[in-house]
Amino acid sequence: MKAPLTGQIWQQAQELLPWLTQVRRDFHQYPELGMEEFRTQEQIIRYLEEIGIPYCKSAGTGVVGVIEGAAPGAVVALRGDMDALPIHEQNDTLYRSQVPGKMHACGHDAHMTCLLGAARILNALRGELSGVVKLFFQPAEETVGGALPMIREGVLDNPRVEAVFGLHVSADLPAGKIAVKYGQMNAASDDAHITVRGENGHGAYPHKGRDAIVIAAHVITALQTVVSRNVDPREAAVVTIGMIAGGTAPNILAQEVKLTGTIRTLDKNVRALVKERVREVAELTARSLGGSAQVEFAEGYTSLINDKELVDQVKRCGEALLGSGNVRVNDFPMMGVEDFAFFAEQVPGAFYHLGVRNEEKDCIYPVHHPRFDIDERSLAVGAAMQAYNAIAFLQERALRSQAEK
């Protein structure tokens with residue numbers, strides 16, 4: 001991309017900052033949980049109509065906008081998630097959440113705002129575009145996952161998307177910087193539901209029953225060996241039991257205990273191994289103590305794997321816009337999950353981090369914290385980066401097409 005156009009994108013993003021700030025604060029004050037984003041959807045539609053971008057609804061509360069360039073060409077998508085978290089905000093700002101018990105504590109208000117800013121920039125530069133840009137405003141990233149329903153409704157088709165870009169705010173990264181990661185970026189997730197059964201009895205006569213609580217305690221301890229003694233140390237996996245429920249009275253042996261936990265893995269073979277061993281360890285440990293264990297898994301998100309060529313492009317765009325010193329390459333993946341992975345599983349994708357940290361403004365708290373907030377100057381960076389990613393991809397594909405003729 002020519003330098004003057006790079007400067008034009010950056011200038012437009014900076015000029016949009018007051019508008020971006022207003023948009024983000026509106027989203028922030030009225031957070032909605034997954035698949036409940038009805039007001040959020042209405043606001044997004046209103047903004048798209050004001051910009052002049054056609055749209056359609058998707059996956060119930062989602063929105064897909066379409067920007068067609070002046071000439072035919074490739075198709076690229078940009079994604080921003082919409083939902084908030086069931087967290088009561090503790091910040092004392094003019095734009096704090098007005099909905100008790102709900103808060104945009106993961107930065108999705110910023111993600112939507114950056115995507116709307118990119119939409120305004122791209123729409124203003126339609127004459128420079130050869131191809132199509134799709135805008136995915138996706139619901140329910142934090143809950144049931146809105147990416148798969150959108151994919152099943154055909155958002156990647158008609159016309160077929162050839163690449164998808166997404167970003168996520170990071171409170172570990174100073175505002176004005178971005179971070180990219182090659183290859184594996186986020187883990188896959190599975191929930192484990194384990195029901196341990198024993199036999200009721202009086203607490204004073206434990207030999208006449210089978211204490212499900214004691215059995216469950218041994219199961220939990222034994223599960224710690226699944227990763228430490230089954231997974232190659234060069235691989236990554238996590239088994240965490242986060243919930244225990246059982247017992248009816250202090251002097252009665254529990255007949256049933258329910259354990260619920262999460263499994264996080266990066267590799268699909270490790271994922272299968274860990275689930276197999278969790279089942280075997282739970283069942284055999286319980287049996288050895290005179291009880292039983294039933295194990296069920298609820299499959300979550302798939303592992304997010306970035307496309308190398310697209311990460312290269314994000315890195316180049318970031319260096320051109322922000323300077324090479326403001327682009328960091330992360331060495332290690334995260335064990336958290338991200339349903340952008342489903343888009344990247346269908347078409348090449350690149351997901352990267354947008355710095356929002358500023359100690360002077362007390363923007364230091366991690367995502368999912370009741371005092372999470374962002375340096376709003378980062379909104380212009382995110383809008384410029386997303387617009388630049390789309391334009392650079394379309395231009396590269398146009399040049400490649402011309403070279404092949």
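The values are calculated or read from the model by the stated rules, or taken from the named source; none is laboratory data. Computed from a prediction, not measured in an experiment: that's the story for all the values here. Note that each Cβ is placed from the backbone with ideal geometry, even for glycine, and that neighbours are counted across all protein chains shown.
Tabulated data
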read-out: Cross-chain or 6+ apart pairs with Cβ under 8 Å, the stretch 386-401 first and in contact (Cβ under 8 Å) with a residue 12 or more places away in the chain, then part of a helix (DSSP H, G or I) and acidic (Asp, Glu); value: Ile391/Glu128
read-out: Which listed residue, of Val356, Val367, Val337, Val295, is within 30 Å of Leu259 (Cα to Cα) and part of a strand (DSSP E or B); value: Val295
read-out: Some residue of the stretch 86-93 being surrounded by 23 or more Cβ atoms within 10 Å (Cβ to Cβ), of a type in the set (A, V, I, L, M, F, W, C) and in the same structural domain as Glu50 (by TED's automatic domain parsing); value: no
read-out: Check on Ala282, of a type in the set (A, V, I, L, M, F, W, C), farther than 17 Å from Ala222 by Cβ and either over 24 Å from the mean Cα position of the chain (by Cα) or modelled with pLDDT of 95 or more (or both); value: no
read-out: Count - residues of the stretch 103-126 that are more than 16 Å from Arg24 (Cβ to Cβ) and outside any helix (DSSP H, G or I); value: 1
read-out: Candidate set: the stretch 56-79, residues that are touching a residue at least 12 places away in the same chain (Cβ under 8 Å) and more than 28 Å from Leu399 (Cα to Cα); chosen: the one surrounded by the fewest Cβ atoms within 10 Å (Cβ to Cβ); value: Lys57
read-out: Residue check for Gly201: surrounded by 11 or more Cβ atoms within 10 Å (Cβ to Cβ), in contact with a strand residue (DSSP E or B) (Cβ under 6 Å, 6 or more places away or on another chain) and not aliphatic (A, V, I, L, M); value: yes
read-out: Boolean, Ile241 is buried (at least 19 other Cβ atoms within 10 Å of the Cβ) and either closer than 20 Å to Phe297 by Cα or of a type outside the set (A, V, I, L, M) (or both); value: no
read-out: Search result, residues across the stretch 263-280 that are in contact (Cβ under 8 Å) with a residue 12 or more places away in the chain, within 16 Å of Val295 (Cβ to Cβ) and part of a helix (DSSP H, G or I); value: Arg271, Leu273, Val274, Lys275, Arg277, Val278, Arg279
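Residue-wise test of (1) assigned by TED's automatic domain parsing to the domain that holds Leu394; (2) touching a residue at least 60 places away in the same chain (Cβ under 8 Å).
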residue: Gly291; (1), (2): no, yes
residue: Val295; (1), (2): no, yes
residue: Lys308; (1), (2): yes, yes
residue: Val311; (1), (2): yes, yes
residue: Cys317; (1), (2): yes, yes
residue: Leu321; (1), (2): yes, yes
residue: Ser324; (1), (2): yes, no
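Results for (1) in a loop (DSSP other than H, G, I, E, B); (2) in contact (Cβ under 8 Å) with a residue 60 or more places away in the chain, shown as yes or no for each residue.
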residue	(1), (2)
Pro159	yes, yes
Phe165	no, yes
His193	no, yes
Thr221	no, no
Thr225	no, no
Val239	no, no
Thr248	yes, no
